[in-house]
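Peer 1: One structure coming up, written as structure tokens, with questions to follow.
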Amino acid sequence: MDAGNGRKAEILEADLEDYPGMYLDLNETNKGLKGVYAPYPAKEYLHGINYIASDRENYIAKTNGTRNFPWRIVAISEQDKDLLNNDIVQKLASPPRLTDYSWVKPGQVAWDWWNNWNITGVDFHAGINTDTYKYYIDFAAANKLPYIIMDEGWSDDLDLLKVKSENLNLQEIIDYGKQKNVGVILWATWYAISHQTDAAFSAYSKMGVKGFKIDFFDRDDQKVVASTYSIAKKAAEYKLMVDYHGMYKPTGLQRTYPNVIGVEGVKGLENFKWANEDQPQYTTSIPFIRMMAGPMDYTPGAMRNATQADFRPINNNPMAKGTRCNQLAEYVVFYAPLQMLSDNPTIYMREKECTDFIIQVPTTWDETVPLDGRVGEYVAVARRKGSDWFVGAMSNWDARDIILDFSFLPAGKYTAEVFKDGVNADRNATDYKKEIITISSGDKINIHLAPGGGWAARISNVQQ
């Protein structure tokens, strides 16, 4: 909400455990807000792979009245950029309940579903089969990606113990990944996991699976919220990581159970396989809003980049609105400990220069410095891992020039690998230019962002 005089107010909740999520609606006077909560589900039924509440009770929760209830937060910023580095939800969440989580390893993931398994130049039919997943593993290994995801289609959607075995040998894929130092993460529906928790986690952890991407929660009533905790706890017993997809916004669970290393709760890149909406406006809004709640699995990485005029939804070979450098910048701006490479390996190998930049970007950080931004207009952030700094900037459909202040750098001169919008990026969104420049602490650099544009840089190698 715009609070006037440049201030913004955000309403959030934290430590939402065994309680329904809060929504906001106008109150009876239409001059204020009131909380609205999903009533407790009385009956549920399957509709495809969605587990839907058909009837609701006349109460929102069964609970001990002396318990701690979720935090309600109003965060007020002096400037929009202040919203880009605020971890109040994380700090208000319950502390870790795992005594050892050294086995939890964030990292990047080669993902199959968004690109529809559309690899080319191979001698086998691409699809949900052993050869295809070995190809993804080879790509991951060659680029030092720690994981691949096997998304929807490897198993029966409602029974995880029924592997679709035709042309798919799951154990062979997992073992091949072990040889290449690449872990396998499996997709599953919330319905299947919640009904087969012990059986599925036991079976697949023994096979060597590293975690599960769990999808289609689609609710945040008390029952679903409670299940996110119980699933995370059970997964930790089997040393399995969890990526919650098809999920409400995070409320700090990743602190309580650090094996929860991904949360969607956003209209990610997948939405543009079927929708024609204002993506650059959205991606310059969510860093200030949705990302305040915690990690955001937006799944960037599209190598088919389009202007507003050229874009159209294509499920089989999807594209993204905005420039190539906009996609590169998302890896810096968007915080996701389990970060996807959403396009297919064939294209990434063809676009090696951009791929080489993407795979350098860490997925967890030691320091974040907001540089500039206005909600829904543009955003610029610097993040540090070790001695290396990464900078990402993005614009909505308005071309603009902004000044980046590099006073956050320690004293010295640095080499910066920069990717910026090409001169013709406003008419061909794939146009970009890579350059190597020298940056000194305290420099102020004017950068140009094309419509839907971006700017990304890795700053390293301090010069004596």
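The values are calculated or read from the model by the stated rules, or taken from the named source; none is laboratory data. This one's a predicted model, so the numbers in the text were calculated from it and none came from an experiment. Here Cβ is always computed from backbone atoms with ideal geometry, including for glycine, and neighbour counts include all displayed protein chains.
Peer 1: Output the residue which, of all residues in the range 370-410 that are part of a loop (DSSP other than H, G, I, E, B) and in contact (Cβ under 8 Å) with a residue 60 or more places away in the chain, is surrounded by the fewest Cβ atoms within 10 Å (Cβ to Cβ).
Peer 2: Looking at the filtered set, the residue picked out is SER387.
Peer 1: Among (1) under 29 Å from PHE408 (Cα atoms); (2) of a type outside the set (S, T, N, Q); (3) in contact with a strand residue (DSSP E or B) (Cβ under 9 Å, 6 or more places away or on another chain); (4) not assigned by TED's automatic domain parsing to the domain that holds GLY453, where does MET291 come up short?
Peer 2: MET291 satisfies all of (1) under 29 Å from PHE408 (Cα atoms); (2) of a type outside the set (S, T, N, Q); (3) in contact with a strand residue (DSSP E or B) (Cβ under 9 Å, 6 or more places away or on another chain); (4) not assigned by TED's automatic domain parsing to the domain that holds GLY453 except (3).
Peer 1: For THR228, state whether it is surrounded by 22 or more Cβ atoms within 10 Å (Cβ to Cβ) and part of a loop (DSSP other than H, G, I, E, B).
Peer 2: no
Peer 1: Okay, moving on. Which condition does GLY452 not pass, out of (1) within 16 Å of THR283 (Cα to Cα); (2) outside any loop (DSSP other than H, G, I, E, B), if it passes all the others?
Peer 2: That leaves (2) as the condition not met.
Peer 1: Please go through (1) outside any helix (DSSP H, G or I); (2) in the same structural domain as CYS354 (by TED's automatic domain parsing); (3) within 23 Å of LEU253 (Cα to Cα) for TYR191 and return the number of the only condition it doesn't satisfy.
Peer 2: (1)
Peer 1: Looking at (1) assigned to a strand (DSSP E or B); (2) within 23 Å of ASN428 (Cβ to Cβ), which one does ALA309 not meet, given that it meets all the others?
Peer 2: Condition (1) is where ALA309 drops out.
Peer 1: Further, regarding this structure: Mind checking which residues of the range 243-276 are touching a helix residue (DSSP H, G or I) at 6+ places or on another chain (Cβ under 9 Å), surrounded by fewer than 19 Cβ atoms within 10 Å (Cβ to Cβ) and farther than 27 Å from ASP82 by Cβ?
Peer 2: Passing the criteria: GLY246, ASN271.
Peer 1: So, in the range 1-47, exactly how many residues are without any contact (Cβ under 8 Å) to a residue 40 or more places away in the chain, not hydrophobic (A, V, I, L, M, F, W, C) and not in a strand (DSSP E or B)?
Peer 2: Of the residues in the range 1-47, 7 are without any contact (Cβ under 8 Å) to a residue 40 or more places away in the chain, not hydrophobic (A, V, I, L, M, F, W, C) and not in a strand (DSSP E or B).
Peer 1: Pull up the range 325-369, narrow it to residues that are under 19 Å from the mean Cα position of the chain (by Cα) and assigned to a strand (DSSP E or B), then point me to the one that is farthest from PRO280 (Cα to Cα).
Peer 2: GLU367
Peer 1: Scan the range 157-184 and report the pairs whose first residue is on the phi > 0 side of the Ramachandran plot and whose second residue is of a type in the set (Lys, Arg), with Cβ atoms within less than 9 Å and a gap of 6+ or a chain change.
Peer 2: Pairs found: ASN181/LYS144.
Peer 1: Which residues, taken from the range 440-461, are surrounded by fewer than 21 Cβ atoms within 10 Å (Cβ to Cβ) and more than 20 Å from THR355 (Cβ to Cβ)?
Peer 2: Matches in the range 440-461: SER440, SER441, GLY442, ASP443, LYS444, ILE445, ASN446, ILE447, HIS448, ASN461.
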